[in-house]
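J.: Pasting a structure below so you can have a look.
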Amino acid sequence: MRPNAIPPQPGQESVWDYPRPARLEDSNKSIRIICNGTVLAETTKAKRVLETSHPPVYYLPSEDIKLEYLIETPKKTWCEWKGKCQYFDISIGEKYIRNAAWRYIEPTPDFVTIQEYYAFYPSLMDACYVNDELLMSQPGDFYGGWITADIVGPFKGSPGTMGW
């Protein structure tokens, strides 16, 4: 069952117009991630992954992240579109967040350019911004999508949406 897409207004994108399989694109939007009161990452050189029914996931280049706060975990997953993924905990001061970030360590050919880029679950951070807009995290946290005013759904991830 596919839900009825919300028609996008001028300047908006519908996640139902995003492709399947997923697509990677460059973004020059200003991205900022705050964790435990610290600017963990800030860039204008992000990439975003677009996939049908999901808000974009932003991937940030390693040089724009305070990598000293990331701790590699044994958790690894596989995505049919993007490849083999490694997860990272975040430790800043007294705050420790398990599996809060990830990157593709063995990406597929179409996603090789994100190999040194990291993504973060926005719901686990204090705040995430796209062009100074505080975003809303994708329901359910399975995909880690970033919802801003220019993205419309409905979005996969909430209970009852896995069959879409």
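J.: Just one of the numbered conditions (1) open to solvent by less than 40 Å² (accessible area, probe 1.4 Å); (2) closer than 16 Å to residue 147 by Cβ is not true of residue 29; which one?
T.: (1)
J.: Looking only at the range 38-53, filter to residues that are of a type in the set (Ser, Thr, Tyr) and either free of Cβ contacts under 8 Å to residues at least 60 places away in the same chain or open to solvent by 20 Å² or more (accessible area, probe 1.4 Å) (or both); which one of those is nearest to residue 6 (Cα to Cα)?
T.: As a first pass, look at the range 38-53 and keep what is of a type in the set (Ser, Thr, Tyr): 38, 43-44, 52-53.
From the residues that got through so far, the ones that are either free of Cβ contacts under 8 Å to residues at least 60 places away in the same chain or open to solvent by 20 Å² or more (accessible area, probe 1.4 Å) (or both) too are 38, 43-44, 52.
Values: 38: 36, 43: 30, 44: 29, 52: 13 Å.
So the residue we want is 52.
J.: Could I ask something else about it? Scan (1) in contact (Cβ under 8 Å) with a residue 40 or more places away in the chain; (2) not in a helix (DSSP H, G or I) for the single condition residue 113 breaks and write down its number.
T.: Just one mismatch for residue 113, condition (2).
J.: If a residue must be assigned to a loop (DSSP other than H, G, I, E, B), at pLDDT 95 or above and within 12 Å of residue 156 (Cβ to Cβ), how many such residues does the range 1-21 contain?
T.: Qualifying residue count for the region: 1.
J.: Hey, among the residues in the range 138-164 that are assigned to a strand (DSSP E or B) and modelled with pLDDT of 95 or more, which one's farthest from residue 11 (Cα to Cα)? Before you say what the answer is, go through the steps one by one.
T.: Keep residues of the range 138-164 that are assigned to a strand (DSSP E or B), which gives 146-147, 151-152, 156, 158.
Restricting the remaining residues to those that are modelled with pLDDT of 95 or more gives 146-147, 151-152.
On the way: 146: 17, 147: 14, 151: 9, 152: 11 Å.
Result: 146.
J.: Could you tell me how many of the residues in the range 5-34 are over 14 Å from residue 130 (Cα atoms), hydrophobic (A, V, I, L, M, F, W, C) and under 15 Å from the mean Cα position of the chain (by Cα)?
T.: Of the residues in that region, 3 qualify.
J.: Among the residues of the range 75-83, are any part of a strand (DSSP E or B), at positive phi, in contact (Cβ under 8 Å) with a residue 12 or more places away in the chain and out of contact with any Gly (no Cβ under 7 Å at 6 or more places or on another chain)? Reasoning before the result, please.
T.: If we filter the range 75-83 for residues that are part of a strand (DSSP E or B), which is where we start, we get 75-79, 83.
Retained after the next criterion (residues that are at positive phi): 83.
Now drop any that are not in contact (Cβ under 8 Å) with a residue 12 or more places away in the chain, which leaves 83.
Filter once more, keeping what is out of contact with any Gly (no Cβ under 7 Å at 6 or more places or on another chain): 83.
Among the residues of the range 75-83, at least one is part of a strand (DSSP E or B), at positive phi, in contact (Cβ under 8 Å) with a residue 12 or more places away in the chain and out of contact with any Gly (no Cβ under 7 Å at 6 or more places or on another chain), which makes the answer yes.
The values are calculated or read from the model by the stated rules, or taken from the named source; none is laboratory data. Predicted, not measured: the structure shown is a model, and the values here were computed from it. Cβ atoms come from the backbone with ideal geometry, glycine included; neighbour counts cover every protein chain shown. These area figures cover heavy atoms from the full protein model, side chains too; ligands, DNA and RNA do not enter into them. Shrake-Rupley method; radii C 1.70, N 1.55, O 1.52, S 1.80 Å.
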